[in-house]
There are 4 protein chains.
Amino acid sequence: MSENPDEGRLAGWEARTEWPLTGLAVAFLVAYAWQVLGTADSPAVRWWLEVWLWVVWGVFAVDYLIRLGLARRKWRFVWRHLFDLVVVALPMVRQLRALRLVTVFKVINRRVGASLRGQVGIYVGGTTLMVAFGAALAVLDAERSDPNATITPFGDALWWTLTTISTVGYGDRYPVTTEGRLVAGALMVGGIALLGVVTGVIASWFVEKIAGAEASIEASTKAEVQALREEIAQLRADLRPRAQDSEPR
Amino acid sequence: MSENPDEGRLAGWEARTEWPLTGLAVAFLVAYAWQVLGTADSPAVRWWLEVWLWVVWGVFAVDYLIRLGLARRKWRFVWRHLFDLVVVALPMVRQLRALRLVTVFKVINRRVGASLRGQVGIYVGGTTLMVAFGAALAVLDAERSDPNATITPFGDALWWTLTTISTVGYGDRYPVTTEGRLVAGALMVGGIALLGVVTGVIASWFVEKIAGAEASIEASTKAEVQALREEIAQLRADLRPRAQDSEPR
Amino acid sequence: MSENPDEGRLAGWEARTEWPLTGLAVAFLVAYAWQVLGTADSPAVRWWLEVWLWVVWGVFAVDYLIRLGLARRKWRFVWRHLFDLVVVALPMVRQLRALRLVTVFKVINRRVGASLRGQVGIYVGGTTLMVAFGAALAVLDAERSDPNATITPFGDALWWTLTTISTVGYGDRYPVTTEGRLVAGALMVGGIALLGVVTGVIASWFVEKIAGAEASIEASTKAEVQALREEIAQLRADLRPRAQDSEPR
Amino acid sequence: MSENPDEGRLAGWEARTEWPLTGLAVAFLVAYAWQVLGTADSPAVRWWLEVWLWVVWGVFAVDYLIRLGLARRKWRFVWRHLFDLVVVALPMVRQLRALRLVTVFKVINRRVGASLRGQVGIYVGGTTLMVAFGAALAVLDAERSDPNATITPFGDALWWTLTTISTVGYGDRYPVTTEGRLVAGALMVGGIALLGVVTGVIASWFVEKIAGAEASIEASTKAEVQALREEIAQLRADLRPRAQDSEPR
């Protein structure tokens with residue numbers, strides 16, 4: 001949404017790392033899902049998953065530092081990428097690691113600017129599914145150790161995610177821990193944004209119909225001006241020979 | 001929303017089958033409603049209803065295959081009609097059959113493109129009512145066999161549908177089975193789309209007022225250009241006689 | 001939203017009856033509120049209130065019939081005023097009488113078309129308040145006779161109305177009777193429309209900023225064309241004297 | 001949104017007092033938070049906080065009176081600043097004092113008109129956070145003395161604020177006192193406005209893409225007209241010498 005045209009090196013780096021980072025984010029999600037859902041794994045498997053999650057976090061942290069190094073206006077970069085800073089600086093809050101996924105969202109965002117509305121639909125749909133899946137994992141991870149928890153099996157966590165992101169909120173299940181509520185907050189923001197994007201796409205579609213009609217008036221004005229120009233050219237051609245005629249006289 | 005202009009044969013088939021398929025979808029809904037609500041029917045009646053529902057499913061499946069056959073770019077067709085594929089490929093999930101109704105939505109969608117906003121209102125209203133009715137049937141069918149179900153008589157199912165599609169979600173009733181939750185998910189998506197369409201229509205109405213003012217500036221520019229053209233034509237007419245005058249000389 | 005320009009007589013009648021009917025609707029609301037809230041009134045007072053409510057209903061019914069008589073295309077009128085028909089034809093459903101208030105909404109709608117966005121805000125705000133007040137009365141009237149009712153004192157009915165129209169829906173209070181649920185349905189539709197209008201106004205405000213910039217390009221094109229026209233007029237004036245000069249020759 | 005261009009003195013005063021009043025509002029919020037959360041403070045501290053809150057209220061009241069004095073059209077000023085009047089006239093309702101914060105919203109609103117959409121995002125985000133924080137304080141203050149209250153510690157009040165402003169409304173916590181419900185109502189209105197602004201910004205972003213394409217047609221029309229003008233100038237230059245030539249003859 002807010003790209004910096006004079007940050008050439010930064011933009012180049014971001015373009016090159018776009019796909020690798022998206023891939024890493026997906027791998028992170030898979031490993032995180034394994035860790036959360038595979039409660040019967042051997043300690044060795046759990047240890048390797050933990051190591052892998054820390055390695056991915058490290059790669060994201062290094063990427064942030066490199067981008068900060070490449071940016072010309074450092075403070076502006078920090079200000080515009082506050083969210084990235086939060087994601088990188090808070091790895092200790094274990095339940096928030098899934099939110100690092102939202103990086104995918106940002107990566108995708110960058111591409112959408114120049115593309116069509118149909119593609120927006122595909123990206124938004126895909127991102128919503130990924131965010132919902134990640135949020136269901138995160139809330140399950142946060143809640144299941146609490147005795148009063150209502151979001152216990154993974155199926156219920158998915159259902160809770162659905163009722164939250166659509167802002168329906170039946171209240172049959174709701175988070176009771178602070179970490180679960182932070183995940184819920186992120187999901188609600190996502191739900192509001194989702195509503196906004198869906199509405200925006202539909203509204204712009206209607207507006208386009210109107211703008212189309214308007215554009216045709218404009219196109220006819222343009223054709224009118226072109227016809228006029230030809231007429232003038234003709235007039236000049238009419239006058240030119242006479243001007244030459246009259247000269248020898 | 002995304003029609004393929006070079007798919008002539010496909011478009012022709014879709015135009016011809018539009019109304020028969022809409023009729024079939026309505027007949028499917030009626031038979032499904034009968035099956036769900038008429039619990040006291042004789043086994044023979046139930047058997048015929050079951051046969052009829054399978055026949056309609058078969059017609060939809062054949063229609064999908066014919067359209068696939070007519071499409072020039074097969075993969076693109078499959079990609080753009082993923083939803084149809086899901087509907088045709090999952091007839092085994094009995095509770096999802098009602099969702100086949102959403103085909104009606106798609107059929108209607110195709111028409112709306114060229115029509116007025118007033119008609120959009122009528123179609124959206126009608127489709128919302130049909131989807132809500134179908135969803136109430138489907139959720140009742142899915143839930144009533146569960147001992148913890150709260151959405152038991154049909155009236156309560158309708159009420160639950162209303163609270164869900166409007167994203168109010170009191171939580172006095174909510175689905176507990178997986179099938180019921182899938183129906184709820186489809187309904188929530190429908191609710192978000194409904195909000196989007198209503199907002200889009202209203203926003204475009206306000207924008208049109210503004211665009212109207214703008215269009216009048218453009219129209220006056222056009223009038224200005226036309227006046228200019230006449231002036232030039234006049235100028236040419238003024239010069240022409242002199243040009244002829246001077247020739248004989 | 002959809003007015004019929006060729007229905008001169010109908011439009012004239014509607015313009016003349018606009019304010020008296022709005023006044024009557026307000027009087028109806030006051031009498032209805034009295035009837036619902038004044039449970040300790042004497043039988044005579046209650047009888048007069050009942051008579052007055054029936055008289056207002058009669059006036060609305062007569063107004064509908066007159067408008068039907070004045071309309072040239074009867075079926076189109078019936079089709080476009082389905083809501084009015086429902087309101088007039090269902091006076092037996094006592095709890096729905098408050099919905100007749102929505103007539104006020106319609107009366108107001110007619111005016112808004114030509115007016116500014118600021119005024120839309122005032123009308124929408126005012127109508128929302130009136131609809132909410134009427135709905136709170138209607139739901140209280142419908143629910144309080146039910147033993148399981150949770151929306152009992154008027155304060156709680158107002159609170160329930162607020163949670164419903166904003167689509168928050170906590171679920172601490174919810175209607176259990178069919179009449180109460182019909183009122184809730186009308187309120188949810190109102191809530192969706194409210195969201196749509198608020199969003200539409202804000203979106204059109206942002207779009208207007210953009211359109212403003214565009215309009216300035218257009219205005220400068222127009223100025224350009226006007227300058228051009230003057231130039232041509234000048235050219236013609238330059239040529240005219242020579243044309244006259246050369247004629248006597 | 002609705003500024004009065006002919007109210008020069010009023011606008012000047014508002015421009016000068018913008019930042020001091022914003023600062024005061026923040027100071028008010030801090031003192032209010034201290035009063036609500038610091039239940040173990042000594043009576044002296046509590047007395048000074050109370051005095052300070054009254055002083056800030058007094059400053060806002062004086063500001064309102066000065067603005068009323070500066071306004072040329074008094075009634076129009078009162079009508080357009082009804083909200084300010086309510087805020088100033090109801091200081092006795094102790095729980096509503098936090099709503100005075102919304103003044104910050106209004107102060108910010110004034111600036112946004114001429115600025116970019118990116119900044120709208122920052123202001124809206126910041127204001128939402130402040131309003132949510134203030135509302136959580138106010139609802140906690142209103143509810144905690146009630147025996148049936150469910151919104152008791154400050155963490156739960158923040159959580160309730162989040163579920164309300166996003167219109168999710170689980171219903172695990174809800175206000176039971178009248179003051180708490182008034183706060184909830186203000187928050188719901190804020191939630192609807194928030195949805196509207198988010199959607200509006202996104203919709204206008206999509207519309208801008210379309211408008212951009214249109215603007216390029218217009219720009220090319222303009223270029224066409226300029227080319228035409230040059231052509232005419234050339235034609236005039238072609239004719240001028242001949243006209244001078246023919247004169248001496």
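Quick notes on this structure:
- Fraction of the pair-distance distribution of segment D:115-209 above 23 Å, Cα-Cα pairs, percent: 31
- FRET efficiency for A:Ala237 and C:Ala223, using Cβ-Cβ distance with R0 set to 51 Å, rounded to 0.05: 0.95
- Each copy carries B:Val86; placing its label point 7 Å along the C-beta direction from Cα gives inter-copy distances of 3.0, 3.1, 4.3 nm, listed from smallest up.
- Inter-copy label distances at B:Glu230 (7 Å, Cα→Cβ; nm, one decimal): 2.1, 2.1, 3.0
- Look at where the Cα atoms of segment A:130-160 and of segment C:179-196 average out, and the two centres are 32 Å apart.
- Per-selection Kirkwood Rh - segment D:16-64 (Cα, Å, 1 d.p.): 11.4
- FRET efficiency for the pair A:Val30 and B:Val26, taken as 1/(1 + (r/R0)^6) with r the Cβ-Cβ distance and R0 = 35 Å, rounds to 0.20.
- Projected area averaged over orientations for segment B:159-201, convex hull of C-alpha atoms, nm²: 2.8
- With each label modelled as a point 7 angstrom along the Cα→C-beta vector, the A:Trp57-B:Val189 pair spans 3.5 nm.
- Calculated FRET efficiency, D:Ala44 to C:Leu37, Cβ-Cβ distance, R0 = 45 Å: about 0.40 to the nearest 0.05.
- Each residue was assigned an accessible area with a 1.4 Å probe, and for A:Ile122 the value is about 90 Å².
- Put simply, the Cα atoms of segment D:119-173 extend 44, 21, 13 Å along their principal axes, the longest span coming first.
- Chain A against chain D buries an accessible area of about 3900 Å², both chains summed, 1.4 Å probe radius.
The values are calculated or read from the model by the stated rules, or taken from the named source; none is laboratory data. In this text the structure is predicted, and so the values were computed from the model without any measurement. Reconstructed Cβ throughout: ideal geometry from the backbone, glycine too, with neighbour counts over all protein chains shown. Side chains included, ligands, DNA and RNA excluded: accessible areas come from the protein's heavy atoms. Shrake-Rupley method; radii C 1.70, N 1.55, O 1.52, S 1.80 Å.
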